[in-house]
Each structure stands twice: as structure tokens, then as C-alpha cells.
Amino acid sequence: MTDILTGIYNAVDPFRPLEPGDPAYVDCEAERGDANVLLDLGPEIIRSERYTCQLYAGHRGAGKSTELLRLKADLGSKGCFVVYFAAVGEDGDIDPQDVQYTDILLACTRHLLETLTTADPAPLVSWFKDRGKALYDLGQTQVQMDSVNVNVLASQFASMTANIRAVPSERKKIRDLVNPHTVTLVKALNEFIADGNRKLPEGKTQLVVIADNLDRIVPVYEDNGRSNHDEIFLDRSDQLKGLDCHLIYTVPIAMVYSNRANDLKEIYGNPDLLPMIMVQTPDGDLHEPGFEKLKEILRRRIIPFLPEVSLGEDVFEEAKVVEQLCLASGGHVRELLLLMKEALNRADSLPIPTRAVRRAISETRDTYRRTVEEHQWAILAKVAQKRAIENDEDHRDLLFRRCVMEYRFFDDDGAMQCWYDVHPLIKAIPEFRAAQEELKT
């Protein structure tokens, strides 16, 4: 039994995206308003006669990385050479709490150098040598400039991104050095890409770069109301789009719903968005198809350890607890897996005690209670009442922190409807209920 519990515990790891072809993958397209990254982002890359730059958005933990890895495999089967990297994470390049455009450009450069191993690095070597003495003086490199080659160069860019991410004292120094020369770095990188395009593996005709996890960049606002999101995706858009290949960047969901949304559309086209799995209707009733999808997500992770599994008998003490767990997640895949993992932490054997599930739900609810600022309870009460959001900083902040969730479905006339709701765990918090009563009166 211990081995089974350990296996299930690791199978429900909420921070591990699924690789293409993983049998644990569940197709939730219909319950996400027909969101399909293969159809929404892929065709423009395959069909376009020019280089494209597209944005992909959604709540953190909704499943974007898994979908992008599926897109990578699909594009690869259609003649594309895909460079995918997660900019934020265990092996990431940037600190989501403090990001500038320069950090993203250096990360792209690093991963292209590491992947296009047959391309001539001379343009980037030349750019690096021109900065070499200044980098040497900063202690960023101990390499003699006459010994720089593609492998050494890749390691140096990796060192720079590592210091930007992990060493705040070095972050500003590197940015101050590189920022005045980003235009020339893009030019050198494009020369490197051009040679790489000519030397792609047999059967590959297009280069695609996917920069994932940029949606985790925490918004930092200036006194004039502008944010670091504006600096990266709008002010530096020419350079962000400037690489001579197809590009996909994840973008914070808060920006898609900001007053700069039209600017994003004008620059990149409409961002593609991955909504939550609809587990309840706008009227608050259980949405059975979405509920079944969430159960299937759990079941497929458990099947390798319990082949003939019944969630309501073998895994949980009561069938109704399965519904409580799925509803508590709000259709958010990572939340579902986190709740499952927390419940497993309080179980010595299967089935998982009902009290363990309820404690996991209760403790996660308390985390959301601490997340909400005092004046935002009234805002959340209005969202729950109207099933809609307003275009202001508070609503964007609540979206970013997953206190408000987006859902999509098609009505009887075939028109897509978009609606919003407060995270289910918040609805049982006394402060929220008090705000609801105040709104009624």
C-alpha cells in the first residue's frame, strides 16, 4: 500500500506538465469553450508566408505548458524545428518578481545557442567579444575573449541568465551593460538564426521559438499606472517580435484584460486564451460533462497503480467527496491536483479519509482568505452576482491571483459565451459572505 500511495502522490504532481502522448492527458477542449492550441496557434505558423508572433494566455496552472508541449510535437511532425523553453521555473532564466525585456532576450539567445548547434555563431561571438571586457570587469566571465566558441558562448549566456534570476545584486549591472546594445544583439542573433535555418535537420523547414511561463511575471506598477508588463510586451514589442523566426510567448492574463488589450491586438493579433474547465453552469448548477472530465483527470493519474479504480470506493471514503473535491478546484487542473496531494499527505492508506480531503480544502481556502485585500471582498461579491468583471486594476489583480476565474461555453445558437466567477473556495469564507449580504442590502 505504501508503494501505491507513493506512486499516486508523485503522479498527481501539480507542477509537472504532461509530455505529448502521456496517457494521463485528458482532452478538455469542449469544456473549455473549444480551446484547442493545435488549431488556434498552429495553422498561422504553418500557413503564413511571413514570420509570426503570437501570444498565449490563461490562468497559471490551467494547463498551458501541457498544451504548448502538445503544440511543439504537432509542429515538429509538420516540418517545424521547435525551440521550447520555460523561462520561469526550476531551470528557468528569469525571476518572475523582477523582469525586464532584456532578461527575455538573453534567455532566447541562450536557448537558441544551445539548440542550433550547427549554426555559425560568429555574429554572436563578435557581439559578445565587444561586450567581453565590460563583462570581465563585472566578474560575469573569466573566459579569454580569443577562446570564445559556440559551446563557451552558450555557457556564458546561461551564466548571465542564472545571475539575473538568482543574484539581485548582479541583475542591474548586467541589464545596464546589455540594455544599450539590445538592438545589435537582436541583429547578431538574427544572423545566427539565418544560418541555423539553412542548416536545420532534414525534413525541417521552419524555426519556431516558444517561450513559456512568461505569464507568471508579477505586475509592478509605476506611479503613472504603467507596469513592467507594458514595458515588455508593448514598449519593446518591436524587439520582442524582431527575431527572424516564428514566436509564441505566454502573456499574463491580467494584461489581456487591461486597458492595453487593444494595443496587444494591434501588435500581435488577438491573444489565444485557455479558460478553466467549466464544472458549474453560470446558474451555479453542476455541469456534468466538466465534472466527468475532472474525475477522468484524477482517474488517469491513478490507473497505473490501481488499474480497476473506482474513485468513490477505492480512492475516497465516499463518492460525494469526489464531487466536493472537483467543485472546490473550480475546474483549475493544478488546484485539483494540489488538493489531491494535500489530502494524500494526511492518509496512511486508501481510501483517503473524508476528513483529510475536507482539511485540504479548508487549508487551501484559508490561503485564499489571506490573499484577498480588505476592499476586494466587495468586488468579489459583485463578480459573483453579475458573472462579469470590470476593466480595472483590482479585477486584473484578482484574475492574476486566480481569485476570479474565466469560463467559456457555446450557447444554443452556437455563439461563444464568456463568464466569470469567484473561486469556489472563496465563496465559503465569512468575509465574502458578509460582502454578499451587504451587497443585497
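The values are calculated or read from the model by the stated rules, or taken from the named source; none is laboratory data. This one's a predicted model, so the numbers in the text were calculated from it and none came from an experiment. Cβ coordinates were reconstructed from backbone atoms using ideal geometry, including for glycine residues, and neighbour counts include every protein chain displayed. Ligands, DNA and RNA are stripped out before the accessible areas are found, and what is left, the full protein with its side chains, is counted by its heavy atoms. Shrake-Rupley method; radii C 1.70, N 1.55, O 1.52, S 1.80 Å.
Note: relative contact order over the chain, using C-alpha pairs below 8 Å and six or more positions apart, is 22 percent.
Suppose every K and R has +1 on its Cβ and every D and E has -1 on its Cβ; what is the size of the dipole of region 245-338 about the Cα centre, in Debye to the nearest 20? The dipole magnitude comes to about 460 debye. For region 361-398, list residues with backbone N below 14 Å from a point placed 7 Å from the Cα of ALA428 toward its Cβ? Hits in region 361-398 for ALA428 at 14 Å: 361-369. Classify region 292-407 as rounded, prolate or oblate, taking a ≥ b ≥ c as the square roots of the eigenvalues of its Cα gyration tensor: rounded when a/c is under 1.5, otherwise prolate if a/b is larger than b/c and oblate if not. Verdict is prolate for region 292-407.
For the chain, the fraction of 1.4 Å probe accessible surface lying on carbon and sulfur atoms is 46 percent. Based on protein heavy atoms only, region 186-251 ends up with 39 Å² per residue of surface accessible to a 1.4 Å probe.
Just to be sure I understand: of the beta bridges DSSP finds with both ends in the chain, what percent are antiparallel, rounded to 5?
Rounded to the nearest five, the antiparallel share is 35 percent.
For the chain, the longest principal axis of the Cα atoms and the long axis of helix 101-115 meet at an angle of about 80 degrees. When both region 184-236 and region 156-176 are represented by their alpha-carbon centers, they are found 18 Å apart. If you average the alpha carbon positions of region 269-298 and of region 329-361, how far apart do those two centres end up, in angstrom? If we compute the Cα centre of each part, the gap is 19 Å. Here GLU318 sits with roughly 60 square angstrom of accessible surface, probe radius 1.4 Å. Dividing the summed helix terms, -39500 (n - 2.57) for each DSSP H run of n ≥ 4, by the number of residues in the chain produces a 222 nm estimate of -14500 deg cm²/dmol to the nearest 500. Rolling a 1.4 Å probe across all protein chains gives ASP176 an accessible area of roughly 90 Å².
Cross-link pairs exceeding 26 Å between alpha carbons, from the set LYS341/LYS386; LYS72/LYS173; LYS78/LYS199; LYS341/LYS427: LYS341/LYS386; LYS72/LYS173.
Label sites at GLU90 and GLU296, each approximated as a point 7 angstrom past Cα along Cα to Cβ, lie 2.9 nm apart.
Close amide H partners of LEU273, meaning residues 5 or more places away or on another chain with modelled amide H under 5 Å apart, are ALA57. When HIS181, HIS375 are compared by accessible area at a 1.4 angstrom probe, the order from most to least is HIS375, HIS181. The order of ASP223, ASP3 by accessible area, most exposed first and with a 1.4 Å probe, is ASP223, ASP3.
Want the number for ASN224 to ARG401: 0.36 nm per residue separation, take away the alpha-carbon distance, what's left?
Length difference between fully extended and current span is 61.4 nm.
Rounded to the nearest Hz, the phi-derived 3J(HN,Hα) couplings of region 70-81 under the Karplus curve 6.51 cos²θ - 1.76 cosθ + 1.60 (θ = phi - 60°) are 5, 4, 4, 5, 5, 5, x, 6, 10, x, 9, 9, where x marks glycine and proline.
For Kirkwood radius over Cα pairs in Å, the value calculated from this model appears in (1) 22.2; (2) 23.6; (3) 23.0 under label (2). Do any of LYS64/LYS204; LYS320/LYS382; LYS172/LYS241; LYS295/LYS320; LYS129/LYS187 go past 18 Å between their Cα atoms, and which? Result: LYS64/LYS204; LYS320/LYS382; LYS172/LYS241 exceed 18 Å.
Placing a pseudo-label 7 Å from each Cα along the Cα-to-Cβ vector at HIS375 and ARG175 gives an inter-label distance of 2.7 nm. Applied to region 402-410, the Karplus parametrisation 6.51 cos²θ - 1.76 cosθ + 1.60 on θ = phi - 60° returns per-residue 3J(HN,Hα) values of 6, 7, 10, 10, 9, 10, 9, 7, 9 Hz, with x for Gly and Pro.
Give me the distance in nm between label points sitting 7 Å out from Cα along the Cα-to-Cβ direction at THR441 and SER349, one decimal. The answer from the label model is 5.2 nm.
In order along region 30-42, the phi-based Karplus estimate (6.51 cos²θ - 1.76 cosθ + 1.60, θ = phi - 60°) of 3J(HN,Hα) comes to 5, 8, 10, x, 6, 5, 9, 4, 5, 8, 7, 10, x Hz; Gly and Pro are listed as x. Full extension of the chain between LYS187 and SER310 gives 38.5 nm of extra length, using 0.36 nm per residue less the Cα-Cα distance.
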